[in-house]
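Colleague: Here it is, the structure in full.
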Amino acid sequence: MSTSNRFKAFFDWVDGEEWCAKTPDEVIARQKKAPVRRPTYELDSYRRFRRLNQAVGALFCITLAVVLTLVVVSFPPFGDPANPANNEVPARYIERGIEETGSANLVGGMILSYRVFDTFGESSVLFLAATCVTMLLRRDRNNTTSRDLRELRSDDRADRKDKDIVLRTVVLLLLPVSVMVGFYVMLFGHLSPGGGFSGGSILGGGLILYSRTFGSGSVRKFFNEHLYHLVKVVCLMCYGLILVYYVFTGSNGLDNHIWLGIPGNIISSGIIMPINVLVGFEVACTIYAFYALFSEGEM
Amino acid sequence: MAFVEVLLLGFLVACALTAVLHRNTMITILTYMGFSVVMSVIWMLLQAPDLAITEAAVGAGVSTVLYFLTLQKIRELKESEDAEEERRRKAGEEGQK
Amino acid sequence: MSDFLSILWTQRYMVTAVILFCIGTFSLIFNPNLIKKLIGFDLMDGAIYMMLTSAGYIEGRIAPIVTDFSATPSVETYINPVPTGLVLTGIVVSVSVTAFALALVVRIYKKYHTVYLDVIMASMKKGVD
């Protein structure tokens, strides 16, 4: 490789898109796996159009910014207690939140009892996203050609470990802390900031760290695809059952017999703590599934 | 306090501009991660600690990991394509001989 | 003029949200790189969340987490919890959407070998199916 070529390769690397096909001819050539003919035509007009496009875009966005700023100026002032947003709804949530939900964290109590249907929809969105990503990226015969499958099978990446001693030591120190913080945030969601979703993300992050450093085979020993599907579905279904019971009794004016406990204790707040734990496990599973599907195409 | 607010908000805008205008996708993603971290500090200023925890775990953690994995996956695909192309080219040359 | 500037200073979070929203829109619509389009989408998400949360903030009050259980909590102590709850839901949805869109980007790269939208469109015009 000559010096100028090396420089060109370096600048391509700095530009960051050396892995992209730059022209339609290159796309066709790569699809046919033929040698690339260097093209001369047509994309020049696209590039010129791209520059024009960006000029128009900047103008458009500046106009949008001016209009929106003029709108924002006429909004109610920032931090004023008399804002229309601070009406009787948040007053009710704050004043009667503890006696009705038993949760010291009023935000967590609100989204998991008064607005639990909304939050169930959010969990369903996460479930759907995990399903769609599985459909798109799973390594099976619909998504990969036989050649890719052969190549992927040949270098079995389950055993790929990082040999770096610094990374391994740091991860071994960090992993217990991250798992502990994840469980803490999940279990104390009704007493302190946090809740099922953030705790689950921290747990999932810990799993990702472990899998990245010690190879996904070591995670598969205690967390395989079967367990993943089981946890995901069972958590969402338990959540749905709790929700149905809570909403049914509430809307029919029945007593729901849910023991609220003493506010401030760990075991208190009725349905909020179980739901936090269920959501946390589901989110941790989903996030590890995202990682596994993106990096290897299977759990 | 006002000084800190201005500093943080200015950093947000600077991060957003860099992320959008820089040509290297890797730097875009790293800047977006910085954006998320500063955003979680701003949630603390706005008295929303729930959001701060969630943003730090999700925005700076999970979505950055997903973006990086996408880049890595694309790069691996490109490398396997290149290897295949090289193999075919060599086979073709030998066939011509 | 100084009146306008003082209003802008009072609404500093909303003005920043507007700027971030416009930067995100610029990237989402006018950047040909699909990954940067997604980054722009996430910036727009962040801007909307910031606007909602700043609408619920009240000067001099604290986050709605009760520590004193002896008395009924008074409205004058805590900020508005409703926007925080809404945004908490929104962050989850935005990360789901990001993951799904990135999976789509990987599939597009498998088919067209590029993430540039203009190259993809030019290839489609040349008859690449």
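Colleague: Pairs A:K163/B:K78; B:K73/C:K37; B:K90/C:K125; A:K22/C:K125: which exceed 23 Å Cα-Cα?
Modeller: On the way: A:K163/B:K78 25 Å; B:K73/C:K37 18 Å; B:K90/C:K125 32 Å; A:K22/C:K125 15 Å.
Over 23 Å apart, Cα to Cα: A:K163/B:K78; B:K90/C:K125.
Colleague: Applying a 10 Å radius around every beta-carbon, put A:244-253, C:32-41 in order of their mean neighbour count, most first. The partial results should precede the final answer.
Modeller: Values: A:244-253: 11.8, C:32-41: 22.0.
Ranked by mean Cβ neighbours within 10 Å, highest first: C:32-41, A:244-253.
Colleague: What order do you get for A:173-184, A:62-73 when each peptide is scored by the mean count of other beta carbon atoms within 10 Å, highest first? Write out the running numbers ahead of the final one.
Modeller: On the way: A:173-184: 15.5, A:62-73: 14.0.
Highest to lowest by the protection proxy: A:173-184, A:62-73.
Colleague: Name the residues whose placed amide hydrogens come within less than 5 Å of the amide hydrogen of C:N33, ignoring near sequence neighbours (fewer than 5 apart) on the same chain.
Modeller: So C:N33 has HN proximity to C:L117.
Colleague: List the accessible area buried at the contact between B and A, summed over both sides and calculated with a 1.4 Å probe, in Å² to the nearest 100. Numbers along the way, then the final one.
Modeller: Working: alone 7610 and 20020 Å², together 24880 Å².
Between B and A, the summed buried area is about 2700 Å².
Colleague: How much accessible surface area, in Å² rounded to 10, belongs to the heavy atoms of C:C22 with a 1.4 Å probe?
Modeller: So the heavy atoms of C:C22 present about 10 Å² to solvent.
Colleague: So what J values fall out for the range A:202-209 if you push phi through Karplus, 6.51 cos²θ - 1.76 cosθ + 1.60 with θ = phi - 60°, rounded to Hz, Gly and Pro as x?
Modeller: Ordered by residue, 3J(HN,Hα) equals 5, 4, x, x, x, 4, 4, 4 Hz.
Colleague: For the protein assembly as shown, just say rounded, prolate or oblate: build the C-alpha gyration tensor, square-root its eigenvalues into a ≥ b ≥ c, call rounded for a/c under 1.5, and beyond that prolate if a/b exceeds b/c, oblate if not. Please report the intermediate quantities before stating the final value.
Modeller: On the way: a/c = 2.36, a/b = 1.45, b/c = 1.63.
Because a/c hits 1.5 or more and a/b fails to exceed b/c, the protein assembly as shown counts as oblate.
Colleague: At 1.4 Å probe size, put A:S218, B:S36 in order of accessible surface, largest to smallest. Walk me through the intermediate numbers first.
Modeller: On the way: A:S218 20, B:S36 0 Å².
Greatest to least solvent exposure: A:S218, B:S36.
Colleague: Please give the peptides B:25-31, B:53-59, A:226-232, A:271-277 ranked by average Cβ packing (other Cβ atoms within 10 Å per residue), highest first, as a rough proxy for protection. Present the calculation step by step, with values, prior to reporting the outcome.
Modeller: Working: B:25-31: 19.6, B:53-59: 26.1, A:226-232: 14.7, A:271-277: 22.9.
The packing order, highest mean first, is B:53-59, A:271-277, B:25-31, A:226-232.
Colleague: While we're here: Among C:L102, C:L52, C:L20, which one shows the highest mean-square fluctuation when chain C is modelled as a Gaussian network with alpha-carbon springs under 10 Å?
Modeller: C:L102
Colleague: Amide H of C:I58: which non-local residues (sequence gap of 5 or more, or other chain) have their own amide H closer than 5 Å, using H built in the peptide plane?
Modeller: C:N80
Colleague: If you plug each phi of the range A:174-184 into the Karplus form 6.51 cos²θ - 1.76 cosθ + 1.60 with θ = phi - 60°, what whole-Hz ³J(HN,Hα) values come out, in order, with x for Gly and Pro?
Modeller: 7, 4, x, 5, 5, 5, 5, 5, x, 5, 4
Colleague: Let me ask something else about it. Could you state the per residue volume, in Å³, of the convex hull enclosing the Cα atoms of the range B:2-96? The partial results should precede the final answer.
Modeller: Details: hull volume 6.9 nm³, N = 95.
Once divided by residue count, the hull of the range B:2-96 is 72 Å³.
Colleague: Give the accessible surface of the protein assembly as shown per residue, rounded to a whole number of Å², with probe radius 1.4 Å and ligands, DNA and RNA excluded.
Modeller: Working: 25010 Å² over 525 residues.
Roughly 48 Å² per residue, with all protein chains present.
Colleague: A further question follows. Counting only other chains, and only Cβ atoms inside 10 Å, what mean value do you get across the residues of A:238-248?
Modeller: On the way: counts 0, 0, 0, 0, 0, 0, 0, 0, 0, 0, 0.
Per-residue shielding by partner chains comes out at 0.
Colleague: Counting each DSSP H run of 4 or more residues in the protein assembly as shown as -39500 (n - 2.57), what helix-only mean residue ellipticity at 222 nm follows after dividing by all residues, to the nearest 500 deg cm²/dmol? Walk me through the numbers before you get to the answer.
Modeller: Numbers: 21 runs with 375 residues, N = 525.
Estimated from H runs of four or more residues: -24000 deg cm²/dmol.
The values are calculated or read from the model by the stated rules, or taken from the named source; none is laboratory data. Keep in mind the model is a prediction, meaning the values are calculated, not measured. Don't worry about glycine lacking a Cβ; one is built from the backbone with ideal geometry, like all the others, and counts go over all protein chains shown. All accessible areas refer to the heavy atoms of the entire protein, side chains included, with ligands and DNA or RNA removed. Shrake-Rupley method; radii C 1.70, N 1.55, O 1.52, S 1.80 Å.
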